[in-house]
1. Of the cross-linked pairs A:291/B:228; A:251/B:228; A:251/A:318; A:100/A:193, which ones have a Cα-Cα span greater than 30 Å in the structure shown?
2. Which one, B:178, B:158, B:189, is farthest towards the positive end of the dipole of the range B:50-258 when Lys and Arg carry +1 and Asp and Glu -1 on their Cβ?
3. Calculate the length of the line joining the C-alpha centroid of the range A:116-131 to that of the range A:1-49, in whole Å.
4. Where nothing but the Cβ of Lys and Arg (+1) and of Asp and Glu (-1) is charged, how large is the charge dipole of chain A around its Cα centre, in debye to the nearest 20?
5. With springs connecting C-alpha atoms under 10 Å apart, model chain A as a Gaussian network and identify which of A:288, A:199, A:115 has the largest mean-square fluctuation.
6. What residue among A:234, A:31, A:284 has the largest mean-square fluctuation in a Gaussian network model of chain A, using Cα springs under 10 Å?
7. Explain nothing, just the number: dipole magnitude of the protein assembly as shown about its Cα centre with +1 on each Lys and Arg Cβ and -1 on each Asp and Glu Cβ, in debye rounded to the nearest 20.
8. Using a Gaussian network for chain A with springs between C-alpha atoms less than 10 Å apart, which of these wobbles most: A:129, A:158, A:292?
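Computed from the coordinates by the stated procedures, all read-outs in this text should not be read as laboratory data. Here the structure is a predicted model, which is why all the values come from computation and not from measurement. Cβ placement follows ideal geometry from the backbone for every residue including glycine, while neighbour counts extend to all protein chains displayed.
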Amino acid sequence: MESLPDILQNLVTGLATGSIYAIVAVGFTIIFSSTQVVNFAQGEFVMLGAMGVYMLTTWNWRHPEFAGLHWPLPVAVLLAAMLAAVVGLLLGWVLMRSLKSASAPALIIITIGASMLLQGVASQLWGKDAVPARAFTTAMPFDAPIRFHLPRALVGPDAYPVAIEWQQLWVVALTLLMMLGLALFFNRTLVGKAMRAVSANRHGAQLMGINVSHMVVGAFALSAALGAFAGATIAPITYGYYNMGTLIGLKGFAAAIVGGLGNFSGSVVAGLLLGITESLAVMIPGLSDYKDAVAFVILLAMLVISPNGLPALLRRGKEAA
Amino acid sequence: MKRSAFFSSTLCWALVGLVAIAVTPLLVHYDIEELKKPLLERQSYLLHVLSLISIYTILAVGLNLLMGYAGQVSLGHAAFYGLGAYTSAILTAGPSLAQHLSPLLALPIGIVLTAAVALLIGMPCLRLRGHYLAMATLGFGWIVYIVMRQWSNVTGGISGLTDIPKLAVGGLVFDSDVKWFYLTVVSAVLTMVLSANIIRSRVGRALRALHGSENAAATLGVNVAYYKVLVFVIAAALAAFAGSLYAHKVNFISPNSFGFLISVELVVMVVVGGMASVWGAVVGATTITLLFEWLADLGQEYPAFQDMNGVAYGLILVVVMVFLPAGLTVGTRDLLLRWFRRRRPVPVPQPAPREVTRV
């Protein structure tokens, strides 16, 4: 039996990684609902965010005598997000052109090709080693994790404290902020509503005077910028490397499906659940080697039980009750 | 359909193919002196590449049945390939077994096992419309890959399994590149014949019908789910067969030959070749295998190019899919047709005299 602090500690870690899966899942959802394309380059946007921030804040261009850029972090994060948005824009434009002529597998291959291209360019530019990105807050009170002890009566006298890294707090807080911003964007702004209109009914939206191709390309840029933000916030914890996006992207994809593909709040909840399950599953003896498989097992199980995801399952349960 | 004309063209192709197959090793060994020597490196490499192409052809032809005719995508097809290879390897050379089977027994066991797994995955996912199979196979592919990497006392972990015995049928041991060349090419041709027969049978017609419209097919009495599952299981079984051949050919397997990238590569072969055509799958398998070998070759010649493989491959994928979305065979044909039409004024089609058909 694992001790309570262990469980709590893993819960904290799971919440942070789950937040990233949630953002990536939302990115998938944005693109999928406007184009019906599953974008396998989604993880690469996360990588671009992480490596972009690393390049602008710490990287010394592989020359020891060069001191590096050391730009302020908010500027670096914004620029990295913009870089990813531009890449997303290009990808969206390319896909937009092929949307009518190409079959579904051909579109998938375009996104996979783009992902390989981006990974290749990243490994050329920044090398293949994992690099630590700068934490968001490094000054005095933030340099050490918050530790708190659970009541001794509960966990025994020599239990160690639960530690929460400041960066983990940043990840969760920024994720919440981004989700709030997205909700506002899609419900309150004209552009957001137009995007929703396009995903609800393409032709209808076009008839109402919405420029569909602008919205589709915009959806790619938005989704890319989101992914880059996620990458910039998680990189100080997981380190950044050129192919970090593959697994993060695919697990986010799993979350998007578990959340019911095309369902925003479903993706967020599924992403968080996936992260937490994954880090709790590690505690089961013998399972720690198979941590990366957890998300895919959940994906398979979900497809067998309820192919339209968690929301459909809950609805079914409600109807049955 | 004029059956006689069709058969003669098939026969023609088969003959051309057989002659080409029989002659290739001779061409490779065109020098008599060369024949006396042990196989030169370059020659055995050529035969090896041709064998690889044949193995990939088996995989692509199977996947093409699923993608081109049932309209479903498998994004984890390398997992079935890997299941076949690993079943063969574990049963014939696994460190966890005290007693090993002969390759000839392990091969069918791998195929049956893989087909059973495919049945389990396919049944729930193919009942529904949409690309659920793609998502399920994607997940399944990763699970298989991770298990291959982590279950080290059985699968050998990242370093994989070595000393897999050569395939032997009776007294005939497949121990040279030439023998493997013949074996793999004959297997590939048999797979193509099998696939062509499936396409032209009741199953194939049902598949094409449901690809066109599932509702219409169901109305006409086609058991949509049954046929989709059937073709998925066939594709998986063919992949397992290819995997088993691969394991016994190279005698060494590791998880990286069966990862997500290989699954993608297989889908690419089918799409680049052109879906819904047996020859398209062959063209795709050949092009992509050669492209990979060529990129690897370039990398060895120019060290600066070594890490550019991914960039080049990704770029080629995007460009081909954007400009020839229907694949190389169909796409090139269409391009040529358009080109010729532009140069020659198109004659105004006259209504053909109505044929009197006897009912």
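1. Distance filter (> 30 Å) returns A:291/B:228.
2. The residue sitting farthest along the positive end of the dipole is B:189.
3. Here the answer is 21 Å between Cα centres.
4. With only Lys, Arg, Asp and Glu charged at Cβ, the dipole is about 1100 debye.
5. Taking springs between Cα atoms under 10 Å, the residue moving most is A:288.
6. Most flexible of the set in this elastic network: A:284.
7. 2940 debye
8. A:158
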